[in-house]
1. Looking at the chain only, what percent of DSSP beta bridges run antiparallel? Nearest 5 please.
2. Once you keep just the Cα pairs under 8 angstrom separated by 6 or more residues, what percentage relative contact order results for the range 123-260?
3. In square nanometres, what is one fourth of the surface area of the convex hull spanned by the alpha carbons of the range 117-232?
4. Once a ≥ b ≥ c are taken as the square roots of the eigenvalues of the Cα gyration tensor of the range 1-84, is the result rounded (a/c under 1.5), prolate (a/b larger than b/c) or oblate (a/b not larger than b/c)?
5. Testing the spin-label approximation: label points 7 Å from Cα along Cα→Cβ at residue 350 and residue 324. State their distance in nm.
6. With a ≥ b ≥ c taken as the square roots of the eigenvalues of the C-alpha gyration tensor of the range 116-171, please select rounded if a/c is under 1.5 and otherwise prolate if a/b is larger than b/c or oblate if it is not?
7. Take the alpha-carbon centre of the range 128-155, take the same for the range 167-225, and report the distance between them in whole Å.
8. Going highest first, how would you order 304-310, 50-56, 258-264 by mean Cβ packing within 10 Å?
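Each reported figure results from applying straightforward, stated rules to the coordinates on display, with no laboratory input. All values reported here derive from a predicted model rather than from experimental measurement. For neighbour counting, all protein chains shown are included, and Cβ atoms are generated from backbone atoms with ideal geometry for every residue, glycine included.
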């Protein structure tokens, strides 16, 4: 089969980790007889430097015309980069908001899996980590506080900032359906996270989720307040199967879930819409402090490519081959610096890509 992939290396370590993901995809091509055509575009700080905007209309159209988009990372050091002297809508991360909105990608899937081989790297207490966990956080991606009306103005002589959190029932319903479908294919347990004791948006969220639940009798549903969920992820993470939540809560909780696995460098993500076109990226940032040193962990990006094979291309066997290759490399004791532990063999970013490639 033949597929067209838009590559966005981006900023910082992005080019390095995307290169390793492509290396692994080449192994998939050779083993299974597929053909992947790549078109590279600029996005983020590198696009600002070249074109004065974080994402050009031409680059966006290229992404829209592809079968899937594989992204490295965008952004830089907020403290000293000239990119962050620009207005918010001109900064690198604004490109992420735009491409998600323009591609209609309203569902962000972030798996958080604690590999048995990496349990020692988890910051969780040993008796918690040894039980392991495997959760999928389903975050609504194109509504809520990040997309609501915002402004700063002077009121009664004081600068006042306003950010608006808005959801309608259709936005909630479509992400809820995605979450229930995902739970039905996993362990049949969905936890819907909100702040219904305070927010009207959360009360509507809870109402619609319960309406959708009636169509999925085989999936058990729990409601949980976001503050309680944040605590449970650190003390009882094996409770969770699929976690459904709104945009800002999902942004925070998915990073927390990633952190308790021991390394952001291990965790992929997928952003999906109604069709097959999706955007796939690691959960971590651009890590400009280690860019160009060949020491980044490419596994999250490689696993994001595996999600691309599964969700956009319907190549489940190939996706599993990539995931199994990652597990085999970890079992054999190879580690990048962020997941290194005593007795393991430390390898570079490019060497890790080679090892996984060889085991496809």
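1. That works out to approximately 40 percent antiparallel.
2. Details: 209 pairs, mean separation 52.5, N = 138.
This gives 38 percent for the range 123-260.
3. 10.3 nm²
4. oblate
5. Output for this residue pair reads 3.0 nm.
6. Values: a/c = 5.45, a/b = 2.23, b/c = 2.45.
Note, shape of the range 116-171 comes out oblate.
7. Each part's Cα centre sits 15 Å from the other's.
8. Ranking, from highest mean packing down: 304-310, 258-264, 50-56.
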